[in-house]
Structures are given as structure tokens and as C-alpha cells.
1. Looking at the structure I just gave you, is Asp181 surrounded by fewer than 18 Cβ atoms within 10 Å (Cβ to Cβ) and either among the charged types (D, E, K, R) or without any contact (Cβ under 8 Å) to a residue 24 or more places away in the chain (or both)?
2. Is there a residue being assigned to a strand (DSSP E or B) and surrounded by 23 or more Cβ atoms within 10 Å (Cβ to Cβ) anywhere in segment 190-201?
3. Go over the candidates Val412, Val355, Val426 one by one and state the one that is in contact with a strand residue (DSSP E or B) (Cβ under 9 Å, 6 or more places away or on another chain), surrounded by fewer than 21 Cβ atoms within 10 Å (Cβ to Cβ), within 28 Å of Gln62 (Cα to Cα) and modelled with pLDDT of 95 or more.
4. Can you tell me which residues in segment 328-341 are touching a Gly at 6+ places or on another chain (Cβ under 7 Å) and of a type in the set (A, V, I, L, M, F, W, C)?
5. Out of all the residues in segment 37-72, which are small (Gly, Ala, Ser) and more than 26 Å from Val298 (Cβ to Cβ)?
6. Which pairs do you get when a residue that is closer than 16 Å to His190 by Cβ and at pLDDT 95 or above, found in segment 201-229, comes within reach of a residue that is surrounded by 21 or more Cβ atoms within 10 Å (Cβ to Cβ) and of a type in the set (Phe, Trp, Tyr), reach meaning Cβ atoms under 6 angstrom, with the pair 6+ apart or on two chains?
7. In segment 44-61, is there at least one residue being out of contact with any Asp or Glu (no Cβ under 9 Å at 6 or more places or on another chain), modelled with pLDDT of 95 or more and of a type in the set (A, V, I, L, M)?
8. Would you point out the residue of segment 197-250, among those that are hydroxyl-bearing (Ser, Thr, Tyr) and over 19 Å from the mean Cα position of the chain (by Cα), that is farthest from Leu68 (Cα to Cα)?
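The values are calculated or read from the model by the stated rules, or taken from the named source; none is laboratory data. Since the structure is predicted, the reported quantities are computational estimates derived from the model, not experimental observations. Virtual Cβ from ideal backbone geometry, glycine too; neighbours counted across all protein chains shown.
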Amino acid sequence: MQVCRYLCDMRLLPALLLFCAVAAAQDASWPQFRGAQAAGVADQHALPEAWDVPAGKGLRWQAAVPGLSHASAIVAGDRVFIATAVAKGKAASLKIGAYGAGDSAEDMVEHSFQLWSLRLDDGRVDWVRTAVRCVPKFARHTKATHADPTPVTDGSYVVAVFGAQGMFCYTVAGDLAWQVDLGELDVGPHDSMDLHWGYASSPTIADGLVIVQADVKTKPYLAAWHIDTGKPAWRVDRDDTTSWATPTVVDTDRGKMVFVNGCTHMGGYLLKDGSEVWRMSGGGGLPIPAPLVAGDLVLFTSNHRPLKPTHPRRPVFAVKRSATGELPIPTKTVTGEHVAWMQTRVGNYIQTPIVYRDLLYLCALSGVVSVVDTKTGEVYGRHRLGTGASAFSASPVAGDGKLYFTSEEGEVHVVKAGKEFEQLGVSPIGEICMATPAIANGMLLFRGRNHVFAIQH
């Protein structure tokens, strides 16, 4: 009997090993902006609550990366991928903080647009590839960079978008597979043709397609390319104007759909061919947050200058996955058939909010966090992180019952998840940090001004 049991166990060994390998791969996967399903959540491991990078406490490794970029780190297996833009000569400047100036930065010199591969276990450089070397076609905001979009990977390929410089696809081993000219991606305030702020929407991957939202000043579009060949799959024109939002792919009864946040309207498109399923006016003047999923709802938010006085200011819209057709813009008392609820005056400006354990957390640029019930829209409270002197641009991430809010000065506010707001502490990175963190194998990966930091429990 023991021999038989042993033989059965041996026969199960390959399946067990495969299961373990798949589980390990999932643990070490943060494939795009805000990770798997663009949710910003990783609950597989214990995560650190406190650290001090300048003092070396909690630091597993740090890796110096030149240039200027707000692109987040992404992870596939044992590799970390980083995009950056390295200016020739004097290092590019970066202005941080909560300020109202809309000036463009003066760094129109030759840049090397690069993709880096680092080892997840120790931060060692695996390879560096220069996609293109040129003077950027358009200027950037003083608070932005020439490499804001986060790369995306399916585990075999890595795709990096460098705005008007193009989209570049590499194998994970560093071989160039293809490149695509995305056109003149001139992005700035919709009411000014003179200001240029730079492209920041990150690509996403679903069903073998790379999806790009190009809401720009002229000829905006939503398009998809086959990731293995770079050949176009479909392209649809968008009658919209500038935005910096990243598209989100969501499963629905109609199949997978691409949801987009826009300036004049939000909308949902079929992934298979780009057909528009629904739209709703009233996105907001400078939409940046990506749509996010909360159960059967898809949440949209913005926080800047509504285009019409009748449109809500700083809204959050909870749109049903089943929505179809032309949706009327909700009011405070009337949401319509396809909008479950809405809130005003809690919407986000730069950050994409996060849904964690049935609660929605929205952090304002000033560091005020609103906690909202995802099913009803009820606001449980508003709480300030720190003193209010810091600005918060990086989107929050969550795991192990904790939420992480990173200030531009590089201080990470750790908050216990729940209706009752409880701040667990503040831990320093020691560098300017405007990129959204990544989580993989129990590590927090922060992209600072000059380094990538791996923090471990």
C-alpha cells in the first residue's frame, strides 16, 4: 500500500511542479501599470510595514538608473523592466510640488530613450537597449518627463511607448521584435495649442493585442496591434481631445472590453475590433486616472475644470459593465439605468484610485484620502496624510491588508485597510518618487529619481 501511494505521488509530481511554477510566476508578475488586471493589488505575500532606505533598513537592493522617467517598474518572472529618457549633457530638471504653473520644461536636447532589464533578486543589470536617440518631438511639463508611460509585458515580449518617438517591442531577452510610429502625440491642455506637456498614457496587453489610447490635440485614436508581429489589428478615431489616462481591459457579458477615461467623454469598446459599445459625456478638463474595476462596476474619476458648468466637479462615476448606448451625464440625484452611483468633490486629479477589499480609496494631490463604499458610493470619511505640505502623484498600491501612498518627496505613508482610517507609519525612500510602486515576491519596488529600490519585509 505504501509503495502504491508512493508511485501515485511520483506520478503527480510533474503536475505539482507545474502548479508550483505557475504559482511562482504569478507571484512574480506585475506586468503593467498597476500590476495584474491593473488593480494595483498583490495579496500573495506579507509586505513590509516600515523601512528607512537612507539608513539601509528594509532595503534588499537598489539599482542606479540614469535619466528622467515616471514610468513604473514592471515585473515578469525574474526580471524587472524600466523605461527612461537620458538627456545628453546636463541632467534634466524636475519640478515637484502642488503648483498651478503650466509651463513646459526647457530640455529640448538629444535624449536616449532606453529600456532596462534588471534581475529581481538582486537588482543586477541584465541588459540595456536604446530604442531611439533623438531630440524629443514635443516638450514636456516641468513636472513630467519624456518617459512617463509604463512598459507592459506578456512574459515573452516587453513593449515600451516613448510618446511621439514611437512604440518599441523587445523580447524579454532584449531582442528588438518590432517598432511602430504612433504619429504626432502632442499632448497638452485642450484649450491651448502653445503648451506641450508630454504623452503619459501607458499601453496594455490583452488577448495578444497591445492597446494604446492616444487622446492628443489632433486626430486622437484608440488602436490595437498584434504583439507577436506589430501588425495593426484595428484603429478607431476618437472625437475627443487630450488626456493622459491609461485604458483598462475588463471582462463583460459581451466579451472583453476596453474602457477609457477621456476629456469630453468616457467610453467602452470591444477588444476584438474596437467597436464602441457606450459613451458618457463629462470626463473633465484634464483626465489622468485610469478606469478601475469594482465588482460589476467600472469606476471613472477626474478632478479638474469640468468642460461645462452643468457637469459635476471632481466626480466619481460607477458605470455598470452591462452599459450600452449613449449614457446621459448623471446629476446628484439621477444616475440613470447604467450608472449605479456617483459622488462629487472626491474625484482624483493625477492618481488612479484603488479598490481594495470592497472599499475605494481616493488620494488628492494634497494627500487627503477619501474612503468610499464601492457598492453604494457612501463616503465613510476623509483623512489627511501627513501635514499637507507634500504633494502625492504616484497611484497607491495595496496588499497584505495595507495601502501604500507615496509622496513626491519620497515618503511612503502606510495605511491599514478598512473603514476606520488608521495610519501605520511613514517610511522614507530618500529620493523624489512620482512613479507608482510595483509589488512582486513580497517586495515593494519604488522608482525614485535616480534609483530603483527593492524593499522587503
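1. yes
2. No; the residues of segment 190-201 include none that is assigned to a strand (DSSP E or B) and surrounded by 23 or more Cβ atoms within 10 Å (Cβ to Cβ).
3. Answer to the selection: Val426.
4. Ile329, Trp341
5. Within segment 37-72, Ala46, Ala50, Ala55, Gly56, Gly58, Ala63, Ala64, Gly67, Ser69 meet the criteria.
6. Ser201/Trp244
7. Within segment 44-61, one or more residues are out of contact with any Asp or Glu (no Cβ under 9 Å at 6 or more places or on another chain), modelled with pLDDT of 95 or more and of a type in the set (A, V, I, L, M).
8. Thr229
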